[in-house]
Structure formats: structure tokens, C-alpha cells
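What follows is a set of notes on a single structure, which appears directly below.
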Amino acid sequence: MDIGEIIYRTSACIITSVEGLSMSEPNANADPRVRIAFLLGWSVSELHGRLRKGVRPMPRQSARATESAPRLDVADGEIEKFTDAFVFTAQRVARFFHALEFETPAHALPLSQEIFALPENARAWLAGARKFYTPRELRDLLNAWTMHVWAQLDAASPASAQAFTAGMSLADTYWYLRLPARRPARAPSGESWQRLLSKFRLDVERTRLASLEKHLPAYVAPVIRNQLRAWSIGTDLVYRDGKLMRDPTTKNAATLTPEDETHLQNALEKQTSEWSNLLFEWRTATSYLRDADRRWIVIGRRVGLFGVLLITTFALALFAVWIAIFLSVSVLPGLFTFLNQKQPGLGDWLGIVNFLWTLLIAAPAPLILRAIFQATRTLQQWLDDQLMIYFINRRTAVTWNRYLKEQ
């Protein structure tokens, strides 16, 4: 087998492998409890955040209003009413905790029984049938209960305990905020957008997501990490000539006008909604791709494949040149001298050639080919993933000044 055939076979193997290359998927050995804990943490933050943002019982509908019958929320893929979303979030908290299999509604501690009862209590409160927790009371209940759950998770799996914290903290990025009109003068310092969107804090969130990537749906963690970097504006926003803009060189962000901060929070709300869709898999990451995106991904994949094959060919050519130099400089001169003294026959020459072929090419070639194949396949998979992440990020990213641009 000459060097040309080696190159041909290696190229064919790479092409076959790449054509059947599948998209990245969550690790099959990932612990499902870690993802459940992450989503539970997010849901706890969202539940408290919705109450703090002002969810209240709705006025009773008139007889005429009850005749209206819009599409079902599930069919539409989203929950329009803030009150319905509040009840749904309470159900999430109860159901995700139940999925962890620490306690059941029938055999739960008094603290957990209050959590299991939250959905029905929230529904009754919004219907005007009973009282509900104040934001402070709900916070105290959730704080005591989450400490209890955190300890259970840590005993069962430290990774799930870390995921619980990561989900809650990531959701706090938006859900702990309140609009200027609803925020009291003496609001906690940690509630400010400067603190919640600070680069240091969001770098921590990005690190946590990186450690959880194998437990989350494909492409979700790297996409959200990219978007968190873009939202790290806690110290960067300043006014220039009356316009709000980002200046990474500044150390202290400007105090935003209530109108500008409201627009900023509205953009963050939209971004958080996209994160929620991805994390809870209301939409898979790849469902955001358009036909044009998929065509560009195919083009990029083929261009990358050409580059990989070019590099592979170059590497094999270098290997062949190295063998030729090694033979001509180190082996052949001494061998020819030895053979001239012995005056070997044709059979001896064939035996020597066969020995050199086995030693220098036949034996090392499979190892070298395998190493090159694995390297090129890894490179191609990496390129494919980066293209997917890039286009998914384009379709799901919401810029901080999205609504400011519309003014």
C-alpha cells in the first residue's frame, strides 16, 4: 500500500464519518437529577419573582367576557396571562420536587406540604377564595424550604445541589428585578440591575453553566453563556449626548431614567423567556434554525471538511517525506555498504525491503492514521457544533437596547 492509497483511504474514512456525523447530544450518562434540580431552582426564583412583580387576583369576568374562547395556552405554546403563569410556576415547583423522589404529598414534612399545596392555594387566591402569602412571607417559606431541599440534594449528589443553586441564581438575573414604578425607595442593593448584570456575577453564571453542559439539552448551555457575556453591562452603560450606550472602559454605570430602565428590563424579560424555552425544552434549540441557517451550516461544514482533508493530506505528505529523509540519511547508506560487502542475492534484497516496509510503514501507519482520523473527526465535530451555536444564538439573542432602538 503506497502513500497515495493511504491518503485516499484516510480521506474516504473522514468523508464517511463526517457525512454521518450527528449533532451533539447531552451525555447519555448524565444524572437526570442534576437537570431536575436546576429546573427546580429556576422555578423557585420565578415563582417568588412573579409575586414580587405584582401578580394579583383578576377582577371577575363579566358574562359577555366568558363567551370569549381564545386558543388553549398549550396549543399556542405560551401562557399569556401573568396570573396563569404564576399558578403554572407553582405547579412546576411542586412537580419538580416530587420528581426528585425525596418526599411525596402523602408523606411529606409540614414544610414540604406547604409547597405541595402552593398550586391550589395560588389558584384559589387568584379566584378570590382565600388569602395568599405576601412577597416577604413567600420568601421566608421558600428560603426555609430550599435550605431543606439543598441539604437533601447535597447528601444525594453534590452536582445536583450545585445545579439547584445555578438554576436559581440564573433565573434571579431577571426575576429578582422589579420595575422602577414598583420598586420601593429602600430596595435591597442586590436588586439593582447594575448588580444583577455585573460582569463578575454573570461570569460566575457562565462558569456554572459550563460545568452543567452535559446535563442540559444540546447547545443550550453554550448559547446562554454567549448571551450572558453580551448582557454583562452592569458597569458599562453611560449617557453620551443624551443617548444611552455601552462603554466597557467606564467603571461605574449611569443611573438610568425610569423609562430607560423599564425598556432595559423589558428586553431582559424577552431574553429570559428565550432562556426558559430552551432550558425547559418548550422549544428545542435546533427548532430556532431557519432554512437559510441550515444551508449556511451545510456550506460551512463542507468548507471545513475541505480544510480538514487538506490538513490531513499535508500531514500524511510530511510523514512520507520524513520517512524518505530518515531512510536516505540514516538507514540506506549503512545498509548499502553492508550489502555490498555481503553481495546478497535477489531473495535477500526482497527480504530486506519487506523488513524495512514492515518496520517503517506497515507497523506505524495504522497508529498514525488512527490518530489523524480521530483528530480530524474531533475538529469537524467542533466546527459543526460552533456553526450550530452561532446560528441558534443569532435567533435567540435579545440585545439589551432592543426596545431603546425603537424609541
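The values are calculated or read from the model by the stated rules, or taken from the named source; none is laboratory data. What you are looking at is a predicted structure, and each value in this text was computed from that prediction instead of being measured. Here Cβ is always computed from backbone atoms with ideal geometry, including for glycine, and neighbour counts include all displayed protein chains. Areas reflect the complete protein model, heavy atoms only, side chains present, ligands, DNA and RNA absent. Shrake-Rupley method; radii C 1.70, N 1.55, O 1.52, S 1.80 Å.
I need the peptides 171-181, 132-142 ranked by packing, meaning the mean over residues of other C-beta atoms within 10 angstrom, with the highest value on top.
171-181, 132-142
Using the Karplus curve 6.51 cos²θ - 1.76 cosθ + 1.60 with θ = phi - 60°, work out ³J(HN,Hα) for each residue of the stretch 305-319 in order, rounded to whole Hz, and write x for Gly and Pro.
4, 4, x, 5, 5, 5, 5, 4, 4, 4, 5, 5, 5, 4, 4
Going by Cα centres, the stretch 218-239 and the stretch 260-277 are how many Å apart?
When both Cα centres are located, 12 Å separates them.
Give me the number: length gained by fully extending Asp140 to Leu109, i.e. 0.36 nm times residue separation minus the C-alpha to C-alpha distance, one decimal in nm.
Taking Asp140 through Leu109 to full extension adds about 9.5 nm, to one decimal.
Would you mind checking which residues have amide H under 5 Å from Leu237's amide H? H placed 1.01 Å from N; only 5 or more apart, or other chain.
It is Asp247, Ala254, by chain and number.
Based on alpha-carbon atoms only, what is the radius of gyration of the stretch 52-186 relative to the globular estimate 2.2 N^0.38 Å?
Cα-based Rg divided by the globular estimate yields 1.21.
If r is the Cβ-Cβ distance from Val204 to Ala129 and R0 is 41 Å, what FRET efficiency results, to the nearest 0.05?
For Val204 and Ala129, the calculated efficiency is 0.45.
Given 0.36 nm per residue, what is the gain on full extension from Ser211 to Leu72 after removing their alpha carbon distance, in nm?
46.3 nm is the gain from fully extending Ser211 to Leu72.
May I ask you to evaluate 6.51 cos²θ - 1.76 cosθ + 1.60, the Karplus curve with θ = phi - 60°, for each residue of the stretch 170-179 and list the ³J(HN,Hα) values in order in whole Hz, giving x for glycine and proline?
So the J values, rounded to whole Hz, are 4, 5, 4, 3, 10, 6, 8, 7, 10, 5.
If the limit is 25 Å between Cα atoms, which of Lys243/Lys270; Lys199/Lys270; Lys81/Lys270; Lys81/Lys199; Lys53/Lys270; Lys214/Lys251 go over it?
Lys81/Lys199; Lys214/Lys251
Using a basic spin-label model with each label point 7 Å from the Cα along Cα→Cβ, how many nm lie between Lys270 and Val298?
Here the answer is 3.1 nm between the modelled labels.
Any idea of the accessible area per residue across the stretch 124-213, 1.4 Å probe, to the nearest Å²?
Heavy-atom accessible area per residue stands at 51 Å².
Run the numbers for Asp385 and Glu101: contour at 0.36 nm per residue of separation, minus the present Cα-Cα distance, in nm. Intermediate results must be reported in sequence, preceding the final value.
Numbers: separation 284, 0.36 × 284 = 102.24 nm, distance 3.48 nm.
Value of the extension gain: 98.8 nm.
Would you mind getting me the FRET efficiency between Arg246 and Phe280? Use the beta-carbon distance for r and R0 = 30 Å, nearest 0.05.
Plugging the Cβ-Cβ distance into 1/(1 + (r/R0)^6) gives 0.50.
Evaluate 2.2 N^0.38 Å with N set to the residue count of the stretch 188-329, then give the Cα radius of gyration divided by it.
1.62
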